[in-house]
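Following: one structure in structure tokens, then a few remarks.
The values are calculated or read from the model by the stated rules, or taken from the named source; none is laboratory data. Note that the structure is predicted; figures quoted are calculated from it, not measured. As a convention, Cβ positions derive from the backbone with ideal geometry for all residues, glycine included, and neighbour counts pool all protein chains shown.
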Amino acid sequence: MKVIVTGGAGFIGSAVVRYLIENTSVFVTVVDKLTYSANLNSLAPVSSSSRYKFIREDICDSSAMLSLFLAEQPDYVLHLAAETHVDRSISSSQQFIQTNINGTYTLLEAARAHYAAMPHDLRSRFRFLHVSTDEVYGSLGPEGLFRETTAYDPSSPYSASKAASDHLAKAWHRTYGLPVVISNCSNNYGPYHFPEKLIPLIILNALEGKDLPIYGDGSNIRDWLYVDDHARALWMIATEGRLGETYNVGGQNERTNLQVVQKICDLLDELRPSKKPRRELISFVTDRPGHDQRYAIDATKLQSELGWKAEESFDTGIRKTVQWFLDNPEWWGALRKTVYAGDRLGLISSSDDPEQKN
């Protein structure tokens, strides 16, 4: 079996690749453009495997994608390539539209050509898994959960671009018969997480004694999913999920942003003591535009149909994550120096504000 993983050098993508090489017998081809958040060091644990191959290409390049499918003849495509950081989408949305929408279209068309050319006796095993986010559903109130039937209501350029790509994937299944399955996940965390996201950013800022900024009053709630649990779920969905269906993946670990930051501070105080409690570094800053109040996933469909269950609670997963960052400064040190030092992103400049243009 041959599997193409797009975005395989990213955070979730690399976790999927490590899972596939370490736990299955499939041959994996990683396709990644290697943007700022991609890191081949995240694939180092499996890069020596004879079942691993890396190809540097942009999913928006149609000729490259057609050539890729022709050369690799995949049985599965796990599509994770995307621009993902909400804050960056607020201040610079163009790349999100290009990669998440146009790139997904290009990939779907390449997959459709490949599928049409496959011998009929092999078509039954081809699958295209489109990996998405719970942010397409918008914001929840204090009660309720996102289900696969929840109406889409995206709030940010990022979530809008992912919503569009979800609709494309579903349309290519309904119109062209492409064997597509879709997943929508809650917030991921774990080892190899690029340090612009909340959990790794707080870990590293706290280690360096920097301020720990929290948007608004810190009451925004997210459902946290350990990345290795997610990787396992994605392979189940790709291989066993019903075609044309959507499966939500969540960890059932709701926490406010403030609770997350406080937990990290307490773990660091335990594992790497400092002169003063790291909670004293917490500060509250102006909220970001369009900040959804609460996300929470109902993963009942995935659990009942495919038998998946998260193995990590938030308490066990966050301890593993903090310990990994403490043990692997060589992975994140260079990123902090050359790619992203921890400055705030997602601020709207006066040139972006329509009120300032009138």
Among the residues in the stretch 20-30, are any within 18 Å of H130 (Cβ to Cβ), at pLDDT 95 or above and out of contact with any strand residue (DSSP E or B) (no Cβ under 6 Å at 6 or more places or on another chain)?
no
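Looking at the stretch 188-195, is at least one residue assigned to a loop (DSSP other than H, G, I, E, B), surrounded by 20 or more Cβ atoms within 10 Å (Cβ to Cβ) and of a type in the set (S, T, N, Q)?
Taking every residue of the stretch 188-195 in turn, none turns out to be assigned to a loop (DSSP other than H, G, I, E, B), surrounded by 20 or more Cβ atoms within 10 Å (Cβ to Cβ) and of a type in the set (S, T, N, Q).
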Flagged in the stretch 28-71 as over 22 Å from the mean Cα position of the chain (by Cα) and aromatic (F, W, Y), in numbering order, are F69
Within the stretch 178-193, can you find the residues that are touching a His at 6+ places or on another chain (Cβ under 8 Å) and either under 22 Å from R112 (Cβ atoms) or modelled with pLDDT under 95 (or both)?
P179, V180, V181, I182, S183
State which residue pairs qualify: first residue among the aliphatic types (A, V, I, L, M) and inside the stretch 115-134, second residue in a helix (DSSP H, G or I) in any location, beta carbons under 8 Å apart, and separation of 6 or more residues or different chains.
L129/L234; L129/I237; L129/A238; V131/I12; V131/L234
Of the conditions (1) touching a helix residue (DSSP H, G or I) at 6+ places or on another chain (Cβ under 9 Å); (2) outside any helix (DSSP H, G or I), S89 satisfies every one except a single condition; which number is it?
(2)
Any residue in the stretch 294-307 that is within 26 Å of H167 (Cα to Cα) and part of a strand (DSSP E or B)?
yes
Just one of (1) within 18 Å of the chain's Cα centre (by Cα); (2) crowded, with 22+ Cβ neighbours inside 10 Å; (3) within 21 Å of A233 (Cβ to Cβ) trips up R127, so point out which.
(1)
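Which one is farthest from the chain's Cα centre (by Cα), of the residues in the stretch 161-182 that are part of a helix (DSSP H, G or I) and small (G, A, S)?
Among those that are part of a helix (DSSP H, G or I) and small (G, A, S), it is A171.
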Show me the strands (runs of 3 or more DSSP E) entirely contained within the stretch 1-60 in which 2 or more residues are of a type in the set (A, V, I, L, M) and crowded, with 21+ Cβ neighbours inside 10 Å.
2-6, 27-32
Top-ranked residue in the stretch 259-286 [being of a type in the set (D, E, K, R) and in a helix (DSSP H, G or I); ranked as farthest from N220 (Cα to Cα)]
E270
Conditions (1) under 24 Å from P179 (Cβ atoms); (2) surrounded by 15 or more Cβ atoms within 10 Å (Cβ to Cβ) -> Y137 fails only (1)
Which of the residues that make up the stretch 217-227 are surrounded by fewer than 19 Cβ atoms within 10 Å (Cβ to Cβ) and either over 24 Å from the mean Cα position of the chain (by Cα) or in a helix (DSSP H, G or I) (or both)?
D217
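Condition check ((1) surrounded by 15 or more Cβ atoms within 10 Å (Cβ to Cβ); (2) under 17 Å from E148 (Cα atoms); (3) touching a strand residue (DSSP E or B) at 6+ places or on another chain (Cβ under 7 Å)) across all residues:
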{"site": "G209", "(1), (2), (3)": "no, no, no"}
{"site": "E245", "(1), (2), (3)": "yes, yes, yes"}
{"site": "T256", "(1), (2), (3)": "yes, no, yes"}
{"site": "I264", "(1), (2), (3)": "yes, no, no"}
{"site": "D292", "(1), (2), (3)": "yes, no, no"}
Return the residues of the stretch 308-332 that are assigned to a loop (DSSP other than H, G, I, E, B) and under 18 Å from S186 (Cα atoms); say none if nothing qualifies.
W308, K309, A310, E311, E312, S313
Of those in the stretch 306-339 that are in contact with a strand residue (DSSP E or B) (Cβ under 7 Å, 6 or more places away or on another chain) and not hydrophobic (A, V, I, L, M, F, W, C), the residue farthest from L225 (Cα to Cα) is T321
Cβ-Cβ under 6 Å pairs, at least 6 apart or on other chains, the stretch 267-287 side under 12 Å from I214 (Cα atoms), far side of a type in the set (D, E)
L281/D211; S283/D211
Is there a residue being of a type in the set (A, V, I, L, M), in contact with a helix residue (DSSP H, G or I) (Cβ under 8 Å, 6 or more places away or on another chain) and either in a helix (DSSP H, G or I) or modelled with pLDDT under 95 (or both) anywhere in the stretch 136-155?
yes
Just to be sure, is W224 over 30 Å from Y176 (Cβ atoms), of a type in the set (F, W, Y) and modelled with pLDDT of 95 or more?
yes
Does the stretch 275-284 include one or more residues that are within 19 Å of the chain's Cα centre (by Cα) and surrounded by fewer than 18 Cβ atoms within 10 Å (Cβ to Cβ)?
no
